[in-house]
Amino acid sequence: MKQQPILKVADLSKSFGGVHAVNGVGFELQPGETLGIIGPNGSGKSTLINLITGFVKPDSGKVIFRGQDITGAPPFKIVTSGIARSFQMARSFSSMPVYKNLIVPLYSARARKLKGGQYGDRDETAIHLLEEVGFERDSSVPYKLAGSLPHGYVKRLELARCLALDPEIIILDELFSGMSMSEVASILPLLERINEEGKTLIMVEHRLRELFRVVNRAIVLNFGTKIAEGTPEEVVAVQEVRDAYLGSETEDA
Amino acid sequence: MANVSYRKERIDRGIKARTDDIFAIASLQETLYLLFPRLLLIVPLVVFPLLQGIIGAYWETVFLIALVVTLLALSWDLLASVGLVSLGQALFYGVGGYFTAFLSNYLGLPPLISIPLATVSGASVCTLLLYPVLRLRGVYFGLITFAIPLLLMRTIEATKILGGTEGISGLAPLPGLTVELYVMVAIAFVGVFGLRRLIDTDYGLVLRAIRDNDRSVEAGGINVPWYKAQAVFIAALPATFAGAFIAHHYQVVGMSAFALDYSVLPLTAVVIGGPGSFAGALLGAFVLVPLSETLRQFGTLRVVIYSVILLIFVVGLPEGIFRFAQRKYQQFERLVPMEEVAKE
Amino acid sequence: MEASVLLYGLVNSAVLMLTALGFSLTFGLSGVANFAHGSLYLAAGFIAWMILHYLGLPFMLSVVLTIIIVGILGAAMYRYILMPVRGIALSEVIATFAVGVAILEFFRWAGFVTYDFNLPSFVKGGVEIAGVDVDYQRVIIIGIGAGLAALLWYFSHKTKIGLALRGMAQDEYTALSLGIDSDWAAAISVGLGAALAAVAGLAILPLGLISINIGYDVLLIALAVTVLGGLESTTGLMVGSLILGFASVITANYLGPQWSEVVYLVAIVVVLAIKPSGLFGKFKELEERV
């Protein structure tokens with residue numbers, strides 16, 4: 001007996017100047033599930049994320065979130081309804097202290113309804129969130145200018161921004177890229193815990209070994225089309241996937 | 001020890017660190033340290049309007065113009081804090097002027113009502129007009145704000161609408177120069193200190209974040225165009241006010257209200273004073289306007305001179321006078337050999 | 001009546017396109033909004049005039065020299081003024097604007113305000129087309145406009161250097177990693193834009209007297225055309241100039257010449273309300289690149 005899916009993506013397409021970046025991709029997601037999106041560079045993963053989160057308007061197709069059609073809605077509305085995302089090319093608000101970066105999501109209409117999103121609580125909530133994503137407590141890092149943060153920290157700041165919104169779905173676009181092995185290792189338990197708390201996770205990732213520790217299902221994109229879907233083991237077993245992606249990956253490594 | 005290079009180190013002065021918290025009021029010296037720069041700003045502005053007998057009405061009027069430029073510059077600075085570069089402050093200025101002329105002449109409202117009404121309605125109209133551009137990034141806002149007032153001017157000149165080149169005259173007068181100066185000084189203070197406060201609140205933080213990285217702000221669940229529109233409205237207020245006020249001061253408003261001067265002067269003032277601090281806008285206006293008056297004998301060469309000043313500041317001293325002075329006041333500098341730092 | 005509207009509409013459109021071409025090219029290739037555009041246009045007129053009157057060089061040589069000098073001026077402006085503030089849009093705009101105002105007001109101060117200043121036409125005389133008298137200069141302007149537009153399209157879409165420049169405007173980091181020197185490329189594009197401003201000045205200024213305020217007007221017209229058509233778009237530039245060119249001739253003809261000024265304002269306000277990025281603009285909103 002299946003539940004109502006929390007997110008339903010149907011036949012989503014987008015082309016840029018004649019190139020089909022995403023071509024008829026669809027999938028469903030149950031609440032609390034963890035989904036990985038993998039594929040070679042330029043296979044349309046980031047565009048798919050942008051289409052779901054409203055940063056790019058699709059040419060055709062539908063995105064249904066909890067039974068509501070959110071196709072092509074402005075990004076902030078989609079965030080407000082409960083889908084938060086991180087960016088592959090993460091950039092902080094470089095002219096302000098790190099913890100002040102989190103005031104922005106905490107000031108949003110969604111976060112203001114939460115505990116800790118009220119005026120006067122926000123600074124403390126921000127520090128707490130930073131600690132949660134692995135900024136050392138009592139260190140001076142949260143008070144430094146965000147522009148001076150190393151890349152791995154900026155990524156974690158992105159994750160903290162998602163958490164600040166207390167969303168139902170978190171979409172992480174290559175969170176691990178630019179992180180060291182040990183940084184990834186320290187983030188993995190957090191992701192598992194977030195998932196256990198009932199949040200649905202979608203992760204776009206290149207580092208499959210780490211990804212497969214978190215997700216229980218994956219879809220594979222190539223040239224904007226979905227070429228496989230299933231558990232990590234099933235996906236890796238598909239010959240087409242090996243040809244398109246994993247083959248070249250092993251050659252590189 | 002082959003190549004010892006030096007870097008400049010800046011350290012807060014002890015007194016700056018001590019005066020950072022509330023206990024500063026316990027010591028006279030520290031209280032004075034805090035008060036001195038503020039008084040340096042406030043006292044001359046409060047005293048100057050009283051000196052009319054000594055320095056004459058001409059320089060009092062120059063003072064009034066400096067206050068007008070201050071308000072336009074404050075408006076510019078707030079827009080810049082959200083990442084909107086305005087090249088047409090004259091738009092707000094002119095709209096304020098023409099609105100109050102309409103309210104005063106056709107509806108017969110007294111200045112006490114027509115000026116505030118023109119301020120608010122003018123700011124609303126400007127915001128509506130500019131709203132579509134706010135979704136676009138980059139220099140687009142600058143291009144549009146530059147073009148619209150100049151095109152308005154040409155339209156008024158060619159078609160004789162809104163009184164044509166003559167303008168609309170016969171506006172109700174204001175009660176006299178001293179009162180006018182004090183009203184403007186009060187508004188300028190409210191502008192400087194109010195905006196400084198505003199930009200430090202969480203709301204102001206969101207506005208500054210939009211300038212840094214609008215995409216992340218949107219991903220934080222915030223309606224970016226709507227916040228930008230609010231910023232444009234707030235920023236338009238001091239500028240439309242200045243336009244309306246001056247229209248009543250001269251009792252006439254003409255198409256020269258849309259002239260390039262009212263776009264270039266505030267811009268130059270902020271660049272000289274230092275953007276992002278609002279106090280810099282005030283400082284810049286009070287450096288620039290009297291300077292431009294003393295250079296009047298050089299004819300249009302003075303425009304060349306302040307273009308060059310503008311260039312020097314933009315390229316050479318982008319932080320502006322205010323931040324420069326603030327740094328000198330709060331910190332001392334010394335050269336540190338790099339290795340010493342490495343050892344620490 | 002109709003033939004003259006058609007012909008003068010065409011001339012007017014060509015004038016607008018030539019006027020805006022340099023500004024649009026520089027912006028499209030390097031992202032620099034060159035607010036000194038109008039000043040360079042006017043400076044070309046004065047430089048050519050000085051070369052003709054003080055050095056007495058032949059006309060065609062003076063033209064070529066002027067274009068080269070102004071082009072170098074543009075590139076030098078990039079190298080010595082814009083490069084230190086590269087990437088800070090605000091400072092770029094203010095800096096070019098300050099240079100522009102300084103040039104114009106310098107000429108005003110130096111006394112270039114009398115009625116002595118005019119440039120000779122390329123070819124004297126005129127011709128009758130479909131019962132309408134047109135002087136050769138206006139025909140030549142149409143020719144130059146069409147020729148340059150075609151050439152530029154070819155340059156920026158087909159030649160290696162043009163593609164490199166466009167690539168840089170799209171994504172500076174990637175271009176850098178591909179070995180394109182972005183400062184060199186930007187200097188070239190600002191210089192090219194300046195040279196085009198000179199071409200426009202030399203072709204259009206002979207139609208009347210040279211006066212300082214033309215410098216401001218040219219910048220304004222260039223902005224209006226590019227904003228209407230859409231920044232970064234060559235097609236937009238052409239369509240924008242055709243619309244504005246014909247619209248102002250038609251309004252001047254049927255409503256009276258004073259109304260042609262209104263056309264620009266109305267066009268900008270309408271395009272803002274309907275499609276703020278301009279008719280053919282693909283200006284980025286919050287999109288992330290693929």
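The values are calculated or read from the model by the stated rules, or taken from the named source; none is laboratory data. Just so you know, these numbers come straight off a predicted model, no measurement behind them. Virtual Cβ from ideal backbone geometry, glycine too; neighbours counted across all protein chains shown. Heavy atoms of the whole protein, side chains included, go into the accessibility calculation; ligands, DNA and RNA do not. Shrake-Rupley method; radii C 1.70, N 1.55, O 1.52, S 1.80 Å.
Of all residues in region C:219-231, which are open to solvent by less than 10 Å² (accessible area, probe 1.4 Å) and under 9 Å from C:ALA20 (Cβ atoms)? The answer is C:ALA222, C:LEU223, C:ALA224, C:VAL225, C:THR226, C:GLY229.
Scanning region B:158-192 for residues that are without any contact (Cβ under 8 Å) to a residue 24 or more places away in the chain, hydrophobic (A, V, I, L, M, F, W, C) and farther than 30 Å from C:LEU265 by Cβ yields B:VAL179, B:ALA186, B:VAL190. On the stretch given as region A:117-142, residues that are assigned to a loop (DSSP other than H, G, I, E, B) and within 13 Å of chain B (Cβ to nearest Cβ) total 5.
Within region A:185-207, which residues are part of a helix (DSSP H, G or I) and over 15 Å from the mean Cα position of the chain (by Cα)? Please lay out each step first, then the result.
Restricting attention to region A:185-207, the residues satisfying the condition of being part of a helix (DSSP H, G or I) are A:185-196.
Hits for region A:185-207 are A:ALA185, A:SER186, A:PRO189, A:ARG193, A:GLU196.
Selection of region A:218-241 for residues being open to solvent by less than 40 Å² (accessible area, probe 1.4 Å), in a strand (DSSP E or B) and at negative phi yields A:ALA218, A:ILE219, A:VAL220, A:LEU221, A:ASN222, A:ILE227, A:ALA228.
Residue by residue, here is whether (1) within 24 Å of B:PRO149 (Cα to Cα); (2) of a type in the set (Phe, Trp, Tyr) holds:
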| position | (1), (2) |
| --- | --- |
| B:ARG196 | no, no |
| B:SER216 | no, no |
| B:ALA219 | no, no |
| B:PRO225 | yes, no |
| B:PHE241 | yes, yes |
| B:ALA244 | yes, no |
| B:VAL252 | yes, no |
| B:MET255 | yes, no |
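Counting residues in region A:98-115 that are of a type outside the set (Ser, Thr, Tyr), over 30 Å from A:MET181 (Cβ atoms), assigned to a loop (DSSP other than H, G, I, E, B) and free of Cβ contacts under 8 Å to residues at least 24 places away in the same chain gives one or more.
Do you know which residues across region B:16-29 are at pLDDT below 80 and either surrounded by 10 or more Cβ atoms within 10 Å (Cβ to Cβ) or of a type in the set (A, V, I, L, M) (or both)? Break it down into steps so the answer makes sense when it comes.
Pass one, region B:16-29, residues at pLDDT below 80: B:16-27.
Listed by number, the residues that qualify are B:LYS16, B:ALA17, B:ARG18, B:THR19, B:ASP20, B:ILE22, B:PHE23, B:ALA24, B:ILE25, B:ALA26, B:SER27.
Residues that are touching a Lys or Arg at 6+ places or on another chain (Cβ under 7 Å), at the interface with chain C (Cβ under 10 Å from one of its Cβ atoms), of a type outside the set (S, T, N, Q) and open to solvent by less than 40 Å² (accessible area, probe 1.4 Å) do not occur anywhere in region B:116-133. Quickly run through region C:83-92 and pick out the residues that are surrounded by fewer than 24 Cβ atoms within 10 Å (Cβ to Cβ) and in a helix (DSSP H, G or I). Matches in region C:83-92: C:MET83, C:PRO84, C:VAL85, C:ALA89, C:LEU90, C:SER91.
Give the residue, chosen from B:ALA219, B:ALA186, that is of a type in the set (Gly, Ala, Ser) and more than 8 Å from chain A (Cβ to nearest Cβ). Give the steps one after another, and end with the answer.
Working: B:ALA219 fails: more than 8 Å from chain A (Cβ to nearest Cβ).
None of the other options fit; the residue is B:ALA186.
State yes or no: is B:GLY167 surrounded by 17 or more Cβ atoms within 10 Å (Cβ to Cβ), away from chain C (no Cβ under 14 Å), out of contact with any Leu (no Cβ under 7 Å at 6 or more places or on another chain) and over 27 Å from C:ALA89 (Cα atoms)? Yes.
Among the candidates A:PRO40, A:PRO75, the residue that is touching a helix residue (DSSP H, G or I) at 6+ places or on another chain (Cβ under 9 Å), free of Cβ contacts under 8 Å to residues at least 40 places away in the same chain and of a type outside the set (Lys, Arg) is uniquely A:PRO75.
For every residue, the table says whether it meets (1) within 8 Å of chain B (Cβ to nearest Cβ); (2) open to solvent by 10 Å² or more (accessible area, probe 1.4 Å); (3) touching a Leu at 6+ places or on another chain (Cβ under 8 Å).
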position: A:ASP69; (1), (2), (3): no, yes, no
position: A:PHE87; (1), (2), (3): yes, no, no
position: A:ALA109; (1), (2), (3): yes, yes, no
position: A:GLY147; (1), (2), (3): no, yes, no
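Selection of region C:99-148 for residues being assigned to a loop (DSSP other than H, G, I, E, B) and without any contact (Cβ under 8 Å) to a residue 60 or more places away in the chain yields C:ALA110, C:GLY111, C:THR114, C:ASP116, C:VAL123, C:LYS124, C:GLY125. For region B:137-161, the candidate set comprises residues that are facing chain C (nearest Cβ under 7 Å) and in a loop (DSSP other than H, G, I, E, B); within that set, the residue that is least open to solvent (accessible area, probe 1.4 Å) is B:VAL139. Across region A:129-155, the number of residues qualifying as free of Cβ contacts under 8 Å to residues at least 24 places away in the same chain, over 20 Å from B:ASP212 (Cβ atoms) and under 21 Å from the mean Cα position of the chain (by Cα) comes to 1.
Within region C:239-252, being surrounded by 22 or more Cβ atoms within 10 Å (Cβ to Cβ) and either within 18 Å of the chain's Cα centre (by Cα) or away from chain B (no Cβ under 13 Å) (or both) holds for C:GLY240, C:SER241, C:LEU244, C:GLY245, C:VAL249.
Within region A:4-26, count every residue that is closer than 19 Å to A:ILE170 by Cβ and either in contact with a Pro (Cβ under 8 Å, 6 or more places away or on another chain) or open to solvent by 10 Å² or more (accessible area, probe 1.4 Å) (or both). Steps first, answer last, please.
Residues of region A:4-26 that are closer than 19 Å to A:ILE170 by Cβ, as a first pass: A:5-9.
From what's left, either in contact with a Pro (Cβ under 8 Å, 6 or more places away or on another chain) or open to solvent by 10 Å² or more (accessible area, probe 1.4 Å) (or both): A:5-6, A:8.
Qualifying residue count, region A:4-26: 3.
Scanning region A:89-105 for residues being open to solvent by 10 Å² or more (accessible area, probe 1.4 Å), more than 9 Å from chain B (Cβ to nearest Cβ) and under 17 Å from A:HIS128 (Cβ atoms) gives a total of 2. Cβ separations smaller than 6 Å between residues 6+ apart or across chains give the following pairs from region C:253-279 residues that are facing chain B (nearest Cβ under 9 Å) and farther than 24 Å from C:GLY28 by Cα to residues that are open to solvent by less than 70 Å² (accessible area, probe 1.4 Å) and among the charged types (D, E, K, R): C:GLU261/B:ARG154. Scanning region C:59-75 turns up no residue that is within 12 Å of chain B (Cβ to nearest Cβ) and not hydrophobic (A, V, I, L, M, F, W, C). Given the condition in contact (Cβ under 8 Å) with a residue 24 or more places away in the chain, away from chain C (no Cβ under 14 Å), surrounded by fewer than 22 Cβ atoms within 10 Å (Cβ to Cβ) and not aliphatic (A, V, I, L, M), answer yes or no: does some residue in region B:230-240 qualify? Yes. Of all residues in region A:27-56, exactly one satisfies the criterion of being facing another protein chain (nearest Cβ under 9 Å) and either of a type in the set (Lys, Arg) or surrounded by fewer than 18 Cβ atoms within 10 Å (Cβ to Cβ) (or both), namely A:GLY42.
Give C:LEU25, C:LEU16, C:LEU6, C:LEU10 a once-over and let me know the one that is assigned to a helix (DSSP H, G or I) and open to solvent by less than 10 Å² (accessible area, probe 1.4 Å).
On the way: C:LEU25 fails: open to solvent by less than 10 Å² (accessible area, probe 1.4 Å); C:LEU6 fails: open to solvent by less than 10 Å² (accessible area, probe 1.4 Å); C:LEU10 fails: open to solvent by less than 10 Å² (accessible area, probe 1.4 Å).
Going through C:LEU25, C:LEU16, C:LEU6, C:LEU10 in turn, the sole match is C:LEU16.
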